[in-house]
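Read the structure below first, then the notes.
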Amino acid sequence: MNQVPPPFDPELAAALEVIKDMISPGLTMDEIDLMRQGPGIEMLARLDLTAEGFFEVEERVVPGPENAPEISLLVCRPAAQATGGPRPVIYHVHGGGMILGDNRVGVDVPLAWAKELDAVVVSVEYRLAPEHPHPAPIEDVYAGLVWTAEHAGELGADPERIVIAGASAGGGLSAALALLTRDRKGPRPIGQVLMCPMLDDRNETPSSHQMAGLGVWDRTANETGWTALLGDSRGGPDVSPYAAPARAEDLTGLPPAFLDVGSAETFRDEVVAYASRIWQAGGVAELHVWPGGFHGFDGFAPQAALSQAARSAQLTWLRRLIGS
Amino acid sequence: MSHHVRMKELAGRLTALDPDAGAAVQVISYFDRLADTRAGLEALVRGAAVLAGCPARLVDAGRRVRVRVEPDGTRRDAEGPPDADWPCAALEPGGVPALWLERTGSEPSVVDAVILERAAGAIRLVLDRTRGRAPSSPADDPALVEALLDVTTPEPARLHAARGLGIDTADPAVRVRALAPSDGRPRVLPAGAELPAGRLGVGPAVAVLDLPGSLAAARTALRFTAEGTAQDPGPRVVHADELGGIALLADLVAPGAEPPPDVRAVEAAAAAVPGMLATLHAVAATASQRAAAAEINVHHSTLQDRLTQAEHLLGWPLRTPQGRLRLQLALTMRHLARP
């Protein structure tokens, strides 16, 4: 197999040069604790959650899954009086490879959408692997969605217009959530935004080999994340689709999906394959493959031209979906 | 994001660098990497804006380049002139400022200086690669120049042509001039710019919409020029606004018409004696006979002999103020009468 990787976009390559001391491509199980203490992706947490007073911010503690601890939801509502009835909801699932982060990581992205779309953002805190392996994370995420749908009225929100969204592990968990709520006949989101989602525990695609040692979150880090979540069963025959959505046999009956990914990252091929399988199942999906993008490029280097294009495509899709 | 946010709070995301955090090394690697990957102008200006945490702007009028980027990475070009207080850099050593960081009210930091230096260097490489060296004039597009200089072109179209040539039409203080070269098309130059080489009539510095008048004056001035050789002595460059009342002669002597008698007398003297034309020009163009002798590199007594001979051939004195004026007029009309 040709192992020559696609080149990084020039601006993104330069940005990577500046952040490389904080973000390295690989991550082993031994390094998880160190990574949690360091700056790392925690720094993707937005500093001002109110966006200069646009949002009212509160933390709700709500029931978790059966026989499990309560979970925390970060709720950001536009402070202004709603003019057009209940608002749509962006239900956000943070990233961090299943092992890192909290419900503030990456929340600036849905907050920016919500500001444009006059929506409520709910960002769920879930238990992290390896201390809490599958199904703890997805069950927490599901419990948060159920509460949000049942209590939408309290938030001035419309339970019939919930969009689920996440990046990286949060994208994988969002895809899993769409499958799980379909199968349990739970709340029915109207769309799923899967940004560079982490979908496949097998870690054997051409892109996962091509990008070894490069960019952000290479195959070593990916193996670490999935092993933390699944233990020895990672890559084996018995992995649940609610852990790794790429394992799902049935992709029918899902809400419309928006997927994006960089061409120069580990997840490229699994994301392209997932979008193709949604179409093959008769579903609705929009796929963007951004040339030269590394994993999470639009979060790490939001000013770059490619990042601006990616963010703009996300918002455009949401506008069409929500119809504002 | 604020310029003052500390680096450790930003780790993991590319944004404004803390000036105290020893960020110069990161600036250098950022621009080196952009240069390695042959990034374009906008990416370089964006890099300056993002790393500095304030808008950055690139203006190279000579190459018609104008790029302005906000610190959040969005392109937002501006019309107004740069502020004299902004930190800035030239693209060439000793050149005019071309890249600005739009930061006021604080002393430029070391990081600002490094950003400007590295970005300007990378920008120069891109411009040399993609647009060639800066031309000596901003005005080298014949169609635009023609539209700009034609009084029958509607004013909005002339202003549009001016902007196409890199002239800032928003600033009413901007002055430009037309040039009429002896060989080639008319040109347009900023008022302060260095003149090109060659034989040239230079129009007065005017507002953009008055350029057709500047060109008419430049063309008149061109008629007063000469090759500057022994056969055709005289100035190679004539400025219209230095002619004064002498310019009126241009209307009296039509090109190619039968020359006035004094001009015919000069021609006859020039034909009769080698070096006579240079002698007459030296006497007309210098302040004293000693200076005239030095100009044509002869001894003072030799000059006296030649003047006596010339007065005989021409039929009028050359050592009186009136005679010198008559000679100056004859030499000038000789240029004007050329076809």
Residues that are closer than 18 Å to A:Gln303 by Cα, away from chain A (no Cβ under 11 Å) and in a strand (DSSP E or B): does region B:90-104 have at least one? yes
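Could you tell me which residue of region A:84-112 is modelled with the lowest pLDDT, considering only residues that are part of a strand (DSSP E or B) and within 22 Å of A:Glu52 (Cα to Cα)? Walk me through it before giving the result.
Residues of region A:84-112 that are part of a strand (DSSP E or B), as a first pass: A:87-93, A:105.
Among the residues that remain, those that are also within 22 Å of A:Glu52 (Cα to Cα) are: A:87-92, A:105.
Working: A:Arg87: 97, A:Pro88: 97, A:Val89: 98, A:Ile90: 98, A:Tyr91: 98, A:His92: 98, A:Val105: 90.
Here the answer is A:Val105.
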Please indicate, with yes or no, whether at least one residue in region B:139-154 is crowded, with 23+ Cβ neighbours inside 10 Å, touching a helix residue (DSSP H, G or I) at 6+ places or on another chain (Cβ under 8 Å) and in a loop (DSSP other than H, G, I, E, B). yes
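Would you point out the residue of region B:51-78, among those that are among the hydrophobic types (A, V, I, L, M, F, W, C) and closer than 17 Å to B:Ala122 by Cβ, that is farthest from the other protein chains (Cβ to nearest Cβ)? Step through it out loud before you land on a result.
First pass over region B:51-78, keeping only residues among the hydrophobic types (A, V, I, L, M, F, W, C): B:51-52, B:54, B:56, B:58-59, B:61, B:65, B:67, B:69, B:78.
Those still in the list that are closer than 17 Å to B:Ala122 by Cβ too: B:51-52, B:56, B:58-59, B:65, B:67, B:69.
Values: B:Leu51: 8, B:Ala52: 12, B:Ala56: 12, B:Leu58: 16, B:Val59: 20, B:Val65: 17, B:Val67: 12, B:Val69: 8 Å.
This residue is B:Val59.
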Sole exception among (1) without any contact (Cβ under 8 Å) to a residue 40 or more places away in the chain; (2) within 19 Å of B:Leu336 (Cα to Cα) for B:Gln289, by number: (2)
A:Pro130 is checked against (1) crowded, with 18+ Cβ neighbours inside 10 Å; (2) in contact with a helix residue (DSSP H, G or I) (Cβ under 8 Å, 6 or more places away or on another chain) and fails just one. What number does that condition carry? (1)
Are any residues in region B:41-50 more than 7 Å from chain A (Cβ to nearest Cβ) and under 15 Å from A:Ala13 (Cα atoms), and if so, which ones? B:Leu44
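Could you please find all residues in region B:22-40 being surrounded by 20 or more Cβ atoms within 10 Å (Cβ to Cβ) and either under 12 Å from B:Ile123 (Cβ atoms) or within 8 Å of chain A (Cβ to nearest Cβ) (or both)?
We begin by selecting, within region B:22-40, every residue surrounded by 20 or more Cβ atoms within 10 Å (Cβ to Cβ); these are B:23, B:26-27, B:30-31, B:33-34, B:39.
Hits for region B:22-40 are B:Gln26, B:Tyr30, B:Phe31, B:Arg33, B:Leu34, B:Ala39.
Looking at region A:301-314, which of the residues that are farther than 17 Å from B:Ala49 by Cβ and within 14 Å of chain B (Cβ to nearest Cβ) is surrounded by the fewest Cβ atoms within 10 Å (Cβ to Cβ)? Can you show your working first?
Residues of region A:301-314 that are farther than 17 Å from B:Ala49 by Cβ, as a first pass: A:309-314.
From what is left, the residues that are within 14 Å of chain B (Cβ to nearest Cβ) are A:309-312.
Values: A:Ala309: 13, A:Ala310: 22, A:Arg311: 18, A:Ser312: 10.
This residue is A:Ser312.
Restricting to region A:177-196, give me the number of residues that are closer than 14 Å to A:Pro241 by Cα and under 15 Å from the mean Cα position of the chain (by Cα). Walk me through it before giving the result.
First pass over region A:177-196, keeping only residues closer than 14 Å to A:Pro241 by Cα: A:177-184.
Those still in the list that are under 15 Å from the mean Cα position of the chain (by Cα) too: A:177-179.
Residues that pass the stated criteria total 3.
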From the options B:Ala294, B:Ala310, B:Ala271, B:Ala287, residue that is assigned by TED's automatic domain parsing to the domain that holds B:Thr332 and assigned to a loop (DSSP other than H, G, I, E, B): B:Ala287
Restricting attention to region B:306-339, report how many residues are of a type outside the set (A, V, I, L, M, F, W, C) and in contact (Cβ under 8 Å) with a residue 24 or more places away in the chain. 12
Go through (1) modelled with pLDDT of 90 or more; (2) under 24 Å from B:Asp85 (Cβ atoms); (3) of a type in the set (Gly, Ala, Ser) one by one and return the number of the condition B:Ser2 breaks. (1)
Name the one entry in A:Glu139, A:Glu125 that is closer than 27 Å to A:Arg188 by Cβ and within 13 Å of the chain's Cα centre (by Cα). A:Glu125
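Residues to consider are B:Leu215, B:Leu195, B:Leu209, B:Leu159; find the one that is touching a Lys or Arg at 6+ places or on another chain (Cβ under 7 Å) and either without any contact (Cβ under 8 Å) to a residue 60 or more places away in the chain or assigned to a helix (DSSP H, G or I) (or both). Working first, answer last.
Working: B:Leu215 fails: touching a Lys or Arg at 6+ places or on another chain (Cβ under 7 Å); B:Leu195 fails: touching a Lys or Arg at 6+ places or on another chain (Cβ under 7 Å); B:Leu159 fails: touching a Lys or Arg at 6+ places or on another chain (Cβ under 7 Å).
Checking each option against the conditions leaves just B:Leu209.
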When region A:1-20 is examined, which residues are found to be more than 19 Å from A:Val289 (Cα to Cα), at the interface with chain B (Cβ under 8 Å from one of its Cβ atoms) and more than 24 Å from the chain's Cα centre (by Cα)? A:Ala14, A:Glu17, A:Val18
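The values are calculated or read from the model by the stated rules, or taken from the named source; none is laboratory data. Here the structure is a predicted model, which is why all the values come from computation and not from measurement. Methodologically, a virtual Cβ is constructed for each residue, glycine included, from the backbone with ideal geometry; neighbour enumeration extends over all protein chains shown.
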